[in-house]
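The values are calculated or read from the model by the stated rules, or taken from the named source; none is laboratory data. The model shown is predicted, which means the values in this text are computed figures rather than measured ones. Virtual Cβ from ideal backbone geometry, glycine too; neighbours counted across all protein chains shown.
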């Protein structure tokens with residue numbers, strides 16, 4: 001099969017992210033964004049005058065500011081430059097990286113800065129999301145962004161005790177990762193001997209989805225600088241190549257009388273497409289790290305199977321055997337993931353940024369203790385939309401073609 005080929009190779013050459021918190025009251029929106037922009041420019045070793053265009057993304061509904069990119073010019077440095085504004089729900093952060101990748105690959109611009117942010121304390125995120133579910137018919141399935149359907153499905157398939165323990169074990173593992181990440185919003189110092197207690201005493205949200213399973217609302221921003229191959233090799237000693245990315249949108253529906261087992265979820269579909277056109281036959285062996293968009297540990301558990309195209313209970317075994325820990329054979333979210341940090345417009349972009357830091361070997365205390373050559377990063381949002389990225393340390397794959 002003919003493999004995917006870009007018009008121009010594109011690399012990540014600069015990364016900057018803020019400290020994330022539930023309330024960044026010390027800064028306004030442009031000031032917070034400027035923190036990430038300044039760090040990304042410093043990381044790339046270039047000035048704002050070297051950047052050709054900006055791609056800006058957030059959920060403007062949540063802060064209730066229309067066209068915030070116009071106000072944020074005083075923080076982004078985008079005055080007089082081409083600027084693109086993107087909003088696609090939870091996938092926003094991944095979509096803006098994809099847009100930037102396409103812009104540079106097309107030849108339209110050589111250097112593009114991606115900016116994702118959210119300052120949720122200034123709006124009402126929960127109020128905005130809650131209206132997406134019918135309060136009567138969806139009462140037992142979903143309340144806003146909260147859904148117990150995945151927990152119910154996993155429990156029905158693997159039994160209550162095993163399913164609950166696996167989901168909570170994954171939650172503890174990700175909390176341990178978050179404790180290593182100085183940028184993370186939440187880490188609780190959880191340990192595996194607390195699993196039994198958490199399974200019973202953490203407050204229930206919807207069904208077996210408990211408060212401890214679920215991501216939070218965070219304030220924060222991230223900036224990523226992309227460059228074409230010619231510029232990237234001049235700018236960076238450690239460019240991280242965006243080999244390919246894919247977006248799959250599907251308006252999923254809930255069957256009130258049971259889940260349709262024949263309906264392929266977008267994660268599975270996106271992975272099948274991306275791996276297929278790049279000749280990846282065993283993603284579990286090929287990729288050294290996966291930064292997954294995991295809104296809850298129940299979803300993170302279930303989606304391991306979908307993304308990695310696994311059969312049966314292989315995904316549960318990966319968690320039970322600690323294969324997904326930072327020292328395991330397939331590290332999952334060494335940054336702590338979405339469960340620890342969730343500034344929605346930046347969240348999916350953070351998955352790409354954190355995966356790139358792992359490839360560079362620059363993740364600091366949460367760096368995987370072995371060489372990372374191939375990384376996977378995902379975004380998720382809305383009514384089951386998926387964006388999936390492949391990042392590479394080298395351009396070896398092109399030689400193989």
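A single member of 350, 376, 391 is at pLDDT 95 or above, surrounded by 21 or more Cβ atoms within 10 Å (Cβ to Cβ), touching a strand residue (DSSP E or B) at 6+ places or on another chain (Cβ under 7 Å) and over 30 Å from residue 61 (Cα atoms), and it is 391.
Based on this model, can you work out whether residue 115 counts as at pLDDT 95 or above, within 15 Å of residue 16 (Cβ to Cβ) and out of contact with any strand residue (DSSP E or B) (no Cβ under 7 Å at 6 or more places or on another chain)?
The answer is no for residue 115.
Candidates in the stretch 325-362 are the residues that are in a loop (DSSP other than H, G, I, E, B), touching a residue at least 60 places away in the same chain (Cβ under 8 Å) and over 16 Å from the mean Cα position of the chain (by Cα); of these, the one that is nearest to residue 209 (Cα to Cα) is 325. When restricted to residues that are in contact with a helix residue (DSSP H, G or I) (Cβ under 6 Å, 6 or more places away or on another chain) and either crowded, with 23+ Cβ neighbours inside 10 Å or free of Cβ contacts under 8 Å to residues at least 12 places away in the same chain (or both), the stretch 199-214 contains 4. You will find that of 223, 232, the residue that is farther than 26 Å from residue 325 by Cα, assigned to a strand (DSSP E or B) and modelled with pLDDT of 90 or more is 223 and no other. Candidates 80, 75, 107, 47: the one that is surrounded by fewer than 23 Cβ atoms within 10 Å (Cβ to Cβ), touching a residue at least 24 places away in the same chain (Cβ under 8 Å) and over 20 Å from residue 343 (Cβ atoms) is 107. With respect to the conditions (1) in contact with a strand residue (DSSP E or B) (Cβ under 6 Å, 6 or more places away or on another chain); (2) closer than 23 Å to residue 226 by Cβ, residue 332 falls short on a single one, namely (2). Here residue 259 fulfils each of the conditions (1) at pLDDT below 95; (2) crowded, with 18+ Cβ neighbours inside 10 Å; (3) under 28 Å from residue 169 (Cα atoms) apart from (2). Scanning the stretch 52-64 for residues that are under 20 Å from residue 92 (Cβ atoms) and touching a residue at least 40 places away in the same chain (Cβ under 8 Å) turns up 53, 54, 55, 56, 57, 58, 59, 61, 62, 63, 64.
For residues that are assigned to a helix (DSSP H, G or I) and under 21 Å from the mean Cα position of the chain (by Cα), scanning just the stretch 19-38, find the one that is surrounded by the most Cβ atoms within 10 Å (Cβ to Cβ). Show your work before the answer.
Taking the stretch 19-38 as the starting set, the residues that turn out to be assigned to a helix (DSSP H, G or I) are 29-38.
From what's left, under 21 Å from the mean Cα position of the chain (by Cα): 32-33, 35-37.
Numbers: 32: 22, 33: 32, 35: 20, 36: 27, 37: 27.
Residue satisfying both the conditions and the ranking: 33.
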